[in-house]
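Participant: My structure is below; once you've seen it, I'll send some questions.
The values are calculated or read from the model by the stated rules, or taken from the named source; none is laboratory data. Since we're looking at a predicted model, the values are computed, not measured. So basically every Cβ, Gly included, is an ideal-geometry build from the backbone, and we count neighbours across all protein chains shown.
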Amino acid sequence: MEICAQLRKVLDGMRLYAKGHVTLDGFLKTLHQTIAAELASGEELALGVAPLSFTFQGKPISPAEKAEDSLSHLLFLDGVHRLTFSPGLELLEVVRLMEIWRAAQDGRVGATQTFATRLWEADFPHLRLLSVETFSEGSASEESEGARAQEDQLRSVMSELSGDRLAGGSSAEAARGKLTRVTQEDLKLLKLQGIAELTAEDLRRQDAAQRPAMAGLSAEEAQALVREIQAGQARVIERVTDAVVALSSLASPEENEKLQEVFRSLLLGLARARRYGDLQGTLNHLVAFARGDPTQLETRFRLVARLIKALESVELLKVLLSGLDDPAQAEAAAAVLRFLHPSAVGALLELLSLPQTPTGRRQLMEVVASLKPDPALLVERVERSAPEVALEVLRLAASLGEAGWAPRRAALAHSSLEVRRAALAGLTREQLLARREDLYQSAADPDPELRRSLFQLFMSAKDRRAAPALATLLGREDLVEGERKRLLVALGQLGGEEACAALRREFSGQKEVELKAACALALAQAGDQEARPLLQPFAGKLLSFGPLKQACAEALKRLDGLQAAGKGRS
Amino acid sequence: MDPQGFDEAPVSGQQQARMLLSKLALCLKLATMHRLDNAALVPPIRGLLEAVNPLLSAGEQIQLQAVGENFYLNREIIKLDFGSYESGLAFRTCLKRVGVNEVSLTAALEESELRDFLGKFQAYYHGREAKGFLKERFAKIGLRWIGKAEEAGLGAEIDERQNVVRSLAVLALSIEAQLGLMKAGKPPRLSKVRRAIHGLADASTGHEALLVGLTRFEALSGQVHFHLASVSALSLLMGRRLGLSRPVLTELCMAAALHDLARDDLGAQADPGAAERVPLKTVLRLCAGGTSAEVLERAAVAFEHAQPKGPHPTGFGQLIAVPCAFDLLASPPPPCKGLLPDHALRVVLDQAGSRFDPRVVRLFAAVVGMYPVGTTVRLSSGEIAVVLEAADPSQAARPRVKVVRTAEGPADFLLDLSAPGEKRSVVSSVDPGELEINVPQFLLA
């Protein structure tokens, strides 16, 4: 039958084309026209549903060989017996039917729905289903023992309902009798069961003979009620939050943990759906509740804090942080994160690498900054972060003032040059000088630019304590042009035991005449009398190179001068 | 047609019905295709005789009917499965051609008698005067064409009412099954409850009063799954009265079906404060498997229905609170005794405005009636009657009733107390148990 071919065409087309695509719309129109043609006589069109095919007047239509290829199999599994189209079927109905059908094939009908229930709820004016009601729970066929047992149970209940077992008009349950008025004893029992809390006034009213006159609901009242119901459904998150809050006071510690898990699950669902506005609204609602009664502030805040702790779940944080990368959602996601307690900053720092974009990372660091993190946590983080994360941490550290120095210092040992340079960015000369003890090690940094900036710093301070670091640097092979000579001069200016030892070593090992000469002069500058034995041979040698001989001679001369003046190191 | 299963002994009524239908349909179908001396007919003929003769010999009658879209055995609808559906279609097609829609077997058959029947059927089926088959007379086989009037009666009077009973029973048992799963920590199959709600919605159309009455029957009073099914059914009627769309109506009924599921934890001797925790336990049980939008709505309802009406707009929770309170007052779990239905309604009415939304209370009262359907009442004339339909709210004491007892003794006639000129009215409700009145049977008769 043509209809089946058209059905298949539409279902396949829905996989290939988006809703509204002209090709798909064409398929749907054709299907509608095909069915309408069958209905043109004014008679209904009934298709039977068999496992491998639809049937028409008892005859199978293009039966499939396998269930998965069968159009009707899904309906068959759902207990649908027959699909009946009536004259007047509209295109919109066909479109909606096929959307539900496609969703059912893809398993997208919803956790508590089936194909048949979705069709029922769609309430098609010109399409109806006839379903086989299978009460059997999970049984493969109605011949199974479980199915038979359940069928017997059903018949038993029906029999009870129908009064079949009421011998002489009374059942065992009915033998309890009915109350014509509630006594004080019954009041207690009703209250214990949570059924009613009645008063003496309520008892008195039962004796009143008059029935109250009462009007039914007007159409306007009914409409208003329906609108309120719909509005209530839209507020479901707020209502569940109220429920969780109210029930927390009754719950045992174990039950409270479960309630928190419910709340966490609610927040996670919202975060996954990117409903940050609702998330924020929920948290604001909680805070408003906490502030609602000044006489219960502490109790309420404690309760709310316990609930908001759900935000600290790693799973939820990951989802929220991924939202920071979406420019349209970043602000909202960040606003939610700001509800975190400061104790959560460690968890946030563990996830610093999650945002993939600079904007996302920037947003996250702003959130972290708002939580006033312990600098020790930042130190730990910067030491083991990827460069882009470490840079953000340093940006945060910069905002912390003095407290931000520790992470900067830690960043000086980072493997990334950009991070190491950023560690000192934004600091004034005075600030650096004040912190120069922490910078000595960096004087031997692999980066020449960094070395030069620190070198200038140390020289301007004439800090002899920089000498060991400079001496270490002297031992490197990869110094840039002129740097070695500058180092020699610097060591000479700084002086001191370590500088002199380094210079002597350098003089002894240096092959280049110019540098050796510079070394000699540096030794003299440093006033190193112990260098004489090293210098004298070169000063007195006939075959020494001119500049070196001159330099050594000059150095010796200076040393003599210093000795005479009572200065210099010996 | 499914030839399998012929040799299986039937163990349930429905299974037997399907089997009889299939066997007879097979014989008729083959008779339209083959000569009667064809060997292909031997097994089905013998199979049919083996199936029907023990029943007929035991004095039972077998009437198979194809009326409207349904099939019946002895005027009881046959639930077809996938194999027997094709048999049913074949049965209907064969008989329709010869102008018949009911075949009755009245006594045990010999093979020759059955072959004679099939032979005549075959002749008329292929002949020009097909409809003449209806005039044939057989000693042990009756043929009939059930006309429209009787067809309407067959569907409306017996089966649709039983369908309402069945649908409510299916709902209650579906809920019970899911409660069992949830208690065992397993995921429930709530699509079954949803299907049952749809079935009840379809079955109760035009039988709203009967459904109200069914929820008042004593037999299953106090069992939590029946309480949940009753509240779901009453909510269905309220929602329908409000004109809720099918999806919203279904969600209302689903929420009602699960609103109080932890109530059976209370036990007969509840500790003080235990009842307060029922909403908490219900919410936790509902949310144990996750928090989809549907679950959240039901959790909110489970909490809200137990709270007094607050400043927020009325939602599902406040809607369900009224039938829940009514059902618990009228049919509480043991050892509590229930109030008579109209007294229970009065307690609810008294709390309109304080605990319940007054509009919801009025809506509920309009649905069930000031003397709720199924209430046993004493009339001003001294007669005892059962309320069949909710009266107009403005004429609370004048519903439509069935008089079941007069001064002369048992009775069975209908009385519309709101009819012009009718002077009798309800003066009070009475306990049917004390008077030994079987209310369900009067409502379903």
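Participant: Condition first: modelled with pLDDT under 90, surrounded by 12 or more Cβ atoms within 10 Å (Cβ to Cβ) and small (Gly, Ala, Ser). Now tell me which residues in region A:9-50 satisfy that.
Facilitator: Answer for region A:9-50, where residues must be modelled with pLDDT under 90, surrounded by 12 or more Cβ atoms within 10 Å (Cβ to Cβ) and small (Gly, Ala, Ser): A:ALA46, A:GLY48, A:ALA50.
Participant: Which residues, taken from region A:266-291, are among the β-branched types (Val, Ile, Thr) and crowded, with 19+ Cβ neighbours inside 10 Å?
Facilitator: Answer for region A:266-291, where residues must be among the β-branched types (Val, Ile, Thr) and crowded, with 19+ Cβ neighbours inside 10 Å: just A:THR282.
Participant: Okay, moving on. Within region B:122-175, track down each residue that is of a type in the set (D, E, K, R), part of a helix (DSSP H, G or I), within 20 Å of B:SER104 (Cβ to Cβ) and at pLDDT 80 or above.
Facilitator: Hits for region B:122-175 are B:LYS131, B:LYS135.
Participant: All but one of (1) at pLDDT below 70; (2) surrounded by 11 or more Cβ atoms within 10 Å (Cβ to Cβ) hold for A:VAL226; which doesn't?
Facilitator: Answer for A:VAL226: the failing condition is (1).
Participant: Then there is this: Going by what's in this entry, would A:ALA219 be described as loosely packed, with under 15 Cβ neighbours inside 10 Å, at the interface with another protein chain (Cβ under 8 Å from one of its Cβ atoms) and at pLDDT 70 or above? Let's see the steps before the verdict.
Facilitator: Working: loosely packed, with under 15 Cβ neighbours inside 10 Å: yes; at the interface with another protein chain (Cβ under 8 Å from one of its Cβ atoms): no; at pLDDT 70 or above: yes.
No, not satisfied.
Participant: Residues that are of a type outside the set (D, E, K, R) and closer than 30 Å to A:ASP374 by Cα: list the helices (runs of 4 or more DSSP H) wholly contained in region A:395-506 that include at least 1 such residues.
Facilitator: A:405-411, A:417-424, A:429-434, A:448-461
Participant: If you check every pair at least six apart or on different chains, which have Cβ atoms under 6 Å apart with a residue in region B:148-176 that is closer than 17 Å to B:THR205 by Cβ and more than 9 Å from chain A (Cβ to nearest Cβ) first and a residue that is surrounded by fewer than 19 Cβ atoms within 10 Å (Cβ to Cβ) and modelled with pLDDT of 80 or more second?
Facilitator: B:VAL164/B:HIS207
Participant: Scanning for something free of Cβ contacts under 8 Å to residues at least 24 places away in the same chain, under 28 Å from A:VAL262 (Cβ atoms) and in contact with an Asp or Glu (Cβ under 9 Å, 6 or more places away or on another chain), does region A:359-375 turn up at least one residue?
Facilitator: Step one: list which residues in region A:359-375 are free of Cβ contacts under 8 Å to residues at least 24 places away in the same chain, which gives none.
Within region A:359-375, none of the residues are free of Cβ contacts under 8 Å to residues at least 24 places away in the same chain, under 28 Å from A:VAL262 (Cβ atoms) and in contact with an Asp or Glu (Cβ under 9 Å, 6 or more places away or on another chain).
Participant: Could I ask something else about it? Please go through region B:72-108 and give me each residue that is part of a loop (DSSP other than H, G, I, E, B), touching a residue at least 60 places away in the same chain (Cβ under 8 Å) and in contact with a strand residue (DSSP E or B) (Cβ under 6 Å, 6 or more places away or on another chain), ordered by number.
Facilitator: The one that is part of a loop (DSSP other than H, G, I, E, B), touching a residue at least 60 places away in the same chain (Cβ under 8 Å) and in contact with a strand residue (DSSP E or B) (Cβ under 6 Å, 6 or more places away or on another chain): B:ILE78.
Participant: Now for a different question. Among the residues of region A:107-140, how many are more than 10 Å from chain B (Cβ to nearest Cβ), farther than 17 Å from A:VAL94 by Cβ and at pLDDT 85 or above?
Facilitator: 2
Participant: Which residue, of A:LEU503, A:LEU515, A:LEU479, is of a type in the set (A, V, I, L, M), more than 20 Å from A:ARG436 (Cα to Cα) and surrounded by 22 or more Cβ atoms within 10 Å (Cβ to Cβ)?
Facilitator: On the way: A:LEU515 fails: surrounded by 22 or more Cβ atoms within 10 Å (Cβ to Cβ); A:LEU479 fails: surrounded by 22 or more Cβ atoms within 10 Å (Cβ to Cβ).
Only one candidate qualifies: A:LEU503.
Participant: So which residues in region B:268-292 are touching a helix residue (DSSP H, G or I) at 6+ places or on another chain (Cβ under 7 Å), at pLDDT below 85 and either more than 7 Å from every other protein chain (Cβ to nearest Cβ) or surrounded by fewer than 17 Cβ atoms within 10 Å (Cβ to Cβ) (or both)?
Facilitator: Residues satisfying the conditions are B:PRO272, B:GLY290.
Participant: Test B:VAL231 against the stated conditions and say whether it is touching a Cys at 6+ places or on another chain (Cβ under 9 Å), crowded, with 20+ Cβ neighbours inside 10 Å and touching a residue at least 60 places away in the same chain (Cβ under 8 Å).
Facilitator: yes
Participant: Only one residue in B:GLY206, B:GLY222, B:GLY239 is in contact (Cβ under 8 Å) with a residue 24 or more places away in the chain, closer than 25 Å to B:GLU160 by Cβ and out of contact with any helix residue (DSSP H, G or I) (no Cβ under 7 Å at 6 or more places or on another chain), so which one is that?
Facilitator: B:GLY206
Participant: Looking only at residues that are facing chain B (nearest Cβ under 7 Å) and not small (Gly, Ala, Ser) in region A:238-258, which one is nearest to B:HIS312 (Cα to Cα)?
Facilitator: Of everything passing the filter in region A:238-258, A:ARG239 is nearest to B:HIS312 (Cα to Cα).
Participant: Which residue pairs have Cβ atoms under 8 Å apart, sit 6 or more places apart or on different chains, and have a first residue in region A:411-430 that is touching a residue at least 60 places away in the same chain (Cβ under 8 Å) and a second that is in a loop (DSSP other than H, G, I, E, B)?
Facilitator: none
Participant: Residue under question is B:LEU249, and the condition is that it be at pLDDT 90 or above, under 30 Å from the mean Cα position of the chain (by Cα) and facing chain A (nearest Cβ under 8 Å); does it hold?
Facilitator: Criteria not met by B:LEU249.
Participant: Another question, then. Hey, any hits in region A:273-296 for a residue that's in contact (Cβ under 8 Å) with a residue 40 or more places away in the chain and among the hydroxyl-bearing types (Ser, Thr, Tyr)?
Facilitator: Yes - at least one qualifying residue is present in region A:273-296.
Participant: What are the pairs with Cβ atoms under 8 angstrom where one residue, in region A:245-265, is buried (at least 17 other Cβ atoms within 10 Å of the Cβ) and the other, located anywhere, is among the β-branched types (Val, Ile, Thr) and not in a helix (DSSP H, G or I)? Sequence gap at least six, or different chains.
Facilitator: What qualifies is A:VAL262/B:THR291; A:SER265/B:THR291.
Participant: Next up: Anything in region B:338-356 that is buried (at least 21 other Cβ atoms within 10 Å of the Cβ) and either in contact with a Cys (Cβ under 6 Å, 6 or more places away or on another chain) or closer than 16 Å to B:PRO313 by Cα (or both)? List them, or say none.
Facilitator: Across region B:338-356, the qualifying residue is only B:PHE356.
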